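One structure is given below, encoded as structure tokens.
The values are calculated or read from the model by the stated rules, or taken from the named source; none is laboratory data. These numbers were taken from a predicted model, which means no experiment stands behind them. In this analysis, Cβ positions are derived from the backbone assuming ideal geometry, glycine residues included, and neighbour counts consider all displayed protein chains.
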């Protein structure tokens, strides 16, 4: 199943099939975050289209895309500093009707540290803990596809490994993941497939394992059913 067709920047065409982890890698300014913002409805299209589960959602407001099944943990985490951890998580369920106790319990199962600190203010949490809050809040929407923007940014290596292990577990539980990540090595080790963006264009796409062995990708970035099709964001 394809989740959509979206165009961002100059001409970005990509696809994410149900059950996959797909990574977007590239230098700063390549268009990775803009692509995610266009998919989630935070940035309007000037051309192209987004198709999610067979429905053209190109003109659908962002909050309705959340209801449709697209969740996002943004770059910078966006934690509400004056709210508790649990209040931050419940903000992710603002479109849901009825009890969200099951979803909250699932988030706490994935992130036991958040359960321990659910009454602590979000602004007093460490960077890694805030990233857990951001991902957990996105999961409270019950997304079918989860957009993750730079989840490892600013984290110590041990926390990076923990976050990537959790992303893998989220995927194992049935959520499709589209991952934007500056840490290309970690992203390609985690993902099934990947796209390389340069100045708003896809310049390479392949299985992640193949890109790990690609000499050009290694030199540039490794130190030694969502469709995105032909549009401008």
- Test: residue 140 is at pLDDT below 95, surrounded by 15 or more Cβ atoms within 10 Å (Cβ to Cβ) and closer than 29 Å to residue 43 by Cα: no
- Task: Identify, by number, the condition in (1) part of a helix (DSSP H, G or I); (2) within 23 Å of residue 63 (Cα to Cα); (3) within 11 Å of the chain's Cα centre (by Cα) that residue 167 doesn't meet.
- Result: (2)
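Could you please let me know if residue 206 is more than 21 Å from residue 51 (Cβ to Cβ) and assigned to a helix (DSSP H, G or I)? Talk me through it step by step, then tell me what you get.
On the way: more than 21 Å from residue 51 (Cβ to Cβ): yes; assigned to a helix (DSSP H, G or I): no.
No, not satisfied.
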- Note on the structure: Of the residues in region 70-95 that are over 20 Å from residue 112 (Cα atoms) and under 13 Å from the mean Cα position of the chain (by Cα), the one that is surrounded by the most Cβ atoms within 10 Å (Cβ to Cβ) is 70
- Note on the structure: Per the filter on region 109-147, residues assigned to a strand (DSSP E or B), out of contact with any helix residue (DSSP H, G or I) (no Cβ under 7 Å at 6 or more places or on another chain) and under 17 Å from residue 70 (Cα atoms) are 145
- Among residues of region 84-108, those that are in contact with a strand residue (DSSP E or B) (Cβ under 8 Å, 6 or more places away or on another chain) and part of a loop (DSSP other than H, G, I, E, B), counted: 1
- Quick one: what pairs do we get from region 28-55, first residue surrounded by fewer than 17 Cβ atoms within 10 Å (Cβ to Cβ), second assigned to a loop (DSSP other than H, G, I, E, B) and modelled with pLDDT under 90, C-beta under 6 Å, 6+ apart or different chains? 46/232; 47/7; 47/232
